[in-house]
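Asks: First the structure, then my questions, so here it is.
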Amino acid sequence: MDMRGLLVDLKNVIPPATKKNVLKLILAIAAILGCAVVISLALSLFIPDIKELSHGYGYLAVFLITLLSSASVFFIVPGTVFWVSLIITMDMSPLWAAIVASIGGSLGEITAYWVGYLGRAIISPQHSQEYQTATKWMDKYGGLTIFLFAFLWVLPFDVVGIIAGALRYPVKKFLLYCWLGRLPRSLIEAYIYYYAGTTLIDIISPYLPSWLSGAFGG
């Protein structure tokens, strides 16, 4: 395996760590966190007993959200915002929520696979560089390519999903490597946003009106 070539290609595909790109990443994380807290507040206000539903429906909701958001080919659906907000609101286990999210997200990616398998792949211009890189990687590395695209936020997984389908990559192996990449990614998302979200709620709750802070259990 030509790891040097792989690292060079990876460096070219991933945006450089400039001040502007780092700021964009921080703003993106902050935006997701803010939206998650707002959604958690709304859910708590309109469904006062929502925590009681966590054992019966919480993980099912996480599964369905990640499944549907991953099933959208080249259409950005902020599934992360919604499933991490459920973790915060329902006080679910970040570990189990991440495991469920990784399974739902992996199964949803089968849509891109079948788009490529059926020969109706359309790669938009903004993904052309990633498409060329992913095609070369799939020829050389296969499973590692699927893992990297599933794990790294900056790489559009639909691209490699379509290529895997077009190349008739074994669907079971495709789902396995996709899950292996999705699991650590989901764990990172779950723990970052769960603890950051609950900390933010604890900070702002004392400054909210009593009826509003009560939605958070304050």
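Asks: I'd like to verify a number: residues in the range 162-173 that are touching a residue at least 60 places away in the same chain (Cβ under 8 Å) and either surrounded by fewer than 24 Cβ atoms within 10 Å (Cβ to Cβ) or small (Gly, Ala, Ser) (or both), how many?
Replies: Final tally of qualifying residues: 1.
Asks: Please tell me if MET92 is touching a Phe, Trp or Tyr at 6+ places or on another chain (Cβ under 9 Å), at pLDDT below 80 and not in a helix (DSSP H, G or I).
Replies: For MET92, the condition - touching a Phe, Trp or Tyr at 6+ places or on another chain (Cβ under 9 Å), at pLDDT below 80 and not in a helix (DSSP H, G or I) - is not met.
Asks: Give just the number: which of (1) under 13 Å from the mean Cα position of the chain (by Cα); (2) at positive phi does GLY142 not satisfy?
Replies: Result: GLY142 passes all but (1).
Asks: Sticking with this structure for a sec: State whether one or more residues within the range 1-20 are surrounded by 19 or more Cβ atoms within 10 Å (Cβ to Cβ), at pLDDT below 85 and β-branched (Val, Ile, Thr).
Replies: No - not one qualifying residue is present in the range 1-20.
Asks: Give the number of residues within the range 27-68 that are farther than 25 Å from ILE203 by Cβ, surrounded by 14 or more Cβ atoms within 10 Å (Cβ to Cβ) and at pLDDT 85 or above.
Replies: Total meeting the criteria: 9.
Asks: Name the helices (runs of 4 or more DSSP H) wholly inside the range 136-218 in which the number of residues that are modelled with pLDDT under 85 and polar (S, T, N, Q) is 2 or more.
Replies: Values: elements: 143-151, 157-166, 171-204, 210-213.
Once the helices (runs of 4 or more DSSP H) in the range 136-218 are filtered for at least 2 residues that are modelled with pLDDT under 85 and polar (S, T, N, Q), what remains is 210-213.
The values are calculated or read from the model by the stated rules, or taken from the named source; none is laboratory data. Nothing here was measured: the structure is a model prediction, and the numbers come from that model. We place every Cβ from the backbone using ideal geometry, glycine too, and count neighbours over all the protein chains shown.
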